[in-house]
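Single-structure report; data block below.
The values are calculated or read from the model by the stated rules, or taken from the named source; none is laboratory data. None of the values given here were measured: they were computed from a predicted structure. Using ideal geometry, Cβ is built from the backbone for each residue, glycine included, and neighbour counts are taken over all protein chains shown. Calculation scope for accessible area: heavy atoms of the full protein, side chains included, ligands and nucleic acids excluded. Shrake-Rupley method; radii C 1.70, N 1.55, O 1.52, S 1.80 Å.
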Amino acid sequence: MLVDVGPAKRVGNRKNIYDRPLREEDVAKRDELTVLTICADGIHGAGSLYRYELQLSQSDLAVLMATVNKADDGCQLS
């Protein structure tokens, strides 16, 4: 999994803060949520790690799966 960050409102430098395969221990179930947790570099400076957590609902996962299924059908993602 690659996590790449950059400015949201302007063109600017991007930074790769995380690049390794997703592991089973990175994923957890919490109540009705699927939670992805990674430790990665910060945006500014080096040497500090930050914990990033994505909380995905069932509807979030459905959107991801629908998008993947469209890509598998030959549709181009934008």
Quick one: with all protein chains in place, what share of the accessible area of segment 1-68 is carbon or sulfur, to the nearest percent (1.4 Å probe)?
56 percent
Enter the accessible area per residue of the chain (Å², integer; probe 1.4 Å; all protein chains in place).
82 Å²
Take the chain, mark every one of the trypsin sites (Lys or Arg not before Pro) that falls in a DSSP loop and has at most 15 other Cβ within 10 Å, then report the longest stretch left between them, sites excluded.
24-78
Once you sort the root eigenvalues of the Cα gyration tensor of the chain as a ≥ b ≥ c, which label holds: rounded (a/c under 1.5), prolate (a/b larger than b/c) or oblate (the other case)?
oblate
Could you give me the ³J(HN,Hα) list for segment 52-57, computed from phi with Karplus coefficients 6.51, -1.76, 1.60 and θ = phi - 60°, whole Hz, x at Gly and Pro?
10, 9, 10, 10, 10, 7
Rank these by accessible area, largest first, 1.4 Å probe: Glu32, Glu53.
Glu32, Glu53
